[in-house]
Amino acid sequence: MEPPRPLLYTYRRCPYAMRARMALLVAGIAFDAQEIVLRDKPAEMLAVSPKGTVPVLVLSDRRVLEQSWDIVEWALTHEGTGTDAQGWWSGAQTQENLDLLRCNDGDFKHHLDRYKYPERFADDTTSAAIADKRAFHREQAVSMLLERLERCLAGCEFLGGAQPCAADIGIFPFVRQFAAVDPVWFGTLPLGRVQAWLTHWLQSPLFEACMQRLPSNAVVQYPGSG
Ligand SMILES: N[C@@H](CCC(=O)N[C@@H](CS)C(=O)NCC(=O)O)C(=O)O
């Protein structure tokens with residue numbers, strides 16, 4: 001009898017879950033997926049991962065990976081595939097890319113959340129104060145990550161160089177969220193390489209496959225037919 005397929009608890013719009021889904025797809029790993037409802041998380045998921053965030057990957061041997069980056073590593077290294085032939089994982093291991101990822105998941109995410117939802121983090125909820133807060137956090141986000149990305153992408157198409165790597169798929173879902181807050185303003189930024197890089201990924205078959213819609217609270221094979 002075949003061992004059960006790995007099961008990914010996921011949420012379509014979550015940027016952490018996107019990087020996990022893309023890594024599993026890149027690696028060609030057949031897995032099952034369950035789209036969760038954030039306000040009503042499945043008891044089976046909470047039983048194996050009480051912290052309650054997605055993505056969570058339950059492996060065939062019942063081991064549980066409950067951080068997106070652990071899932072990416074598992075998928076792209078020999079544990080998941082037996083090889084890193086395309087260099088997706090090794091390409092992300094440069095000091096620069098590791099720093100970018102740390103910044104993305106840390107300070108950039110902090111400012112992104114406050115840029116998207118300034119009212120949730122404000123003591124002063126007057127519209128002037130909210131506008132100031134939004135402007136502050138988006139400037140911080142630009143200078144701490146996007147300008148760095150622009151420099152890193154000078155002379156190469158991807159953060160992996162000529163080939164994409166895990167840092168590309170680990171970071172662009174967050175830049176996508178940033179751009180989507182005010183796409184017109186984002187388009188005016190002097191960050192042509194970041195804009196082209198983001199457009200590339202948004203139009204990629206990999207992203208399309210990762211964004212397929214799943215029924216909520218049902219285990220389905222991934223990638224599915226639709
Ligand atoms: N450090 C975690 C962060 C995952 C995370 O924060 N996911 C969000 C969705 S984007 C979540 O599940 N939040 C729980 C909730 O909103 O209840 C990882 O890398 O997997």
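Remarks
- Residues of the stretch 24-55 that turn out to be of a type in the set (Gly, Ala, Ser) and either part of a loop (DSSP other than H, G, I, E, B) or closer than 24 Å to ASP113 by Cα (or both), as a count: 5
- GLN86, sole failed condition from (1) closer than 12 Å to ALA166 by Cα; (2) without any contact (Cβ under 8 Å) to a residue 60 or more places away in the chain; (3) surrounded by fewer than 19 Cβ atoms within 10 Å (Cβ to Cβ): (2)
- From the list ALA43, ALA30, the one residue that fits, being at pLDDT below 95, among the aliphatic types (A, V, I, L, M) and not assigned by TED's automatic domain parsing to the domain that holds ALA166, is ALA30.
- Residue list for the stretch 110-147, filter: closer than 15 Å to ALA179 by Cα, among the hydrophobic types (A, V, I, L, M, F, W, C) and exposed (fewer than 15 other Cβ atoms within 10 Å of the Cβ): ALA135
- Only one of VAL37, VAL56 that is in contact with a helix residue (DSSP H, G or I) (Cβ under 7 Å, 6 or more places away or on another chain) and of a type in the set (Val, Ile, Thr): VAL56
- When residues in the stretch 66-83 are screened for being surrounded by 22 or more Cβ atoms within 10 Å (Cβ to Cβ) and not aromatic (Phe, Trp, Tyr), 6 of them pass.
- Annotation: ARG19 fulfils all but one of (1) part of a loop (DSSP other than H, G, I, E, B); (2) touching a residue at least 24 places away in the same chain (Cβ under 8 Å); (3) basic (Lys, Arg); the unmet one is (1).
- Odd one out for ILE29 among (1) touching a Gly at 6+ places or on another chain (Cβ under 7 Å); (2) β-branched (Val, Ile, Thr); (3) without any contact (Cβ under 8 Å) to a residue 12 or more places away in the chain: (3)
- Condition met for ASP61 (more than 16 Å from the ligand (Cβ to nearest atom), within 23 Å of ASP113 (Cα to Cα) and either surrounded by fewer than 17 Cβ atoms within 10 Å (Cβ to Cβ) or in contact (Cβ under 8 Å) with a residue 12 or more places away in the chain (or both)): no
The values are calculated or read from the model by the stated rules, or taken from the named source; none is laboratory data. What you see is a predicted model, and the numbers here were worked out from it, not measured in a lab. Glycine gets a Cβ as well: all are built from the backbone with ideal geometry, and neighbour counts include every protein chain shown.
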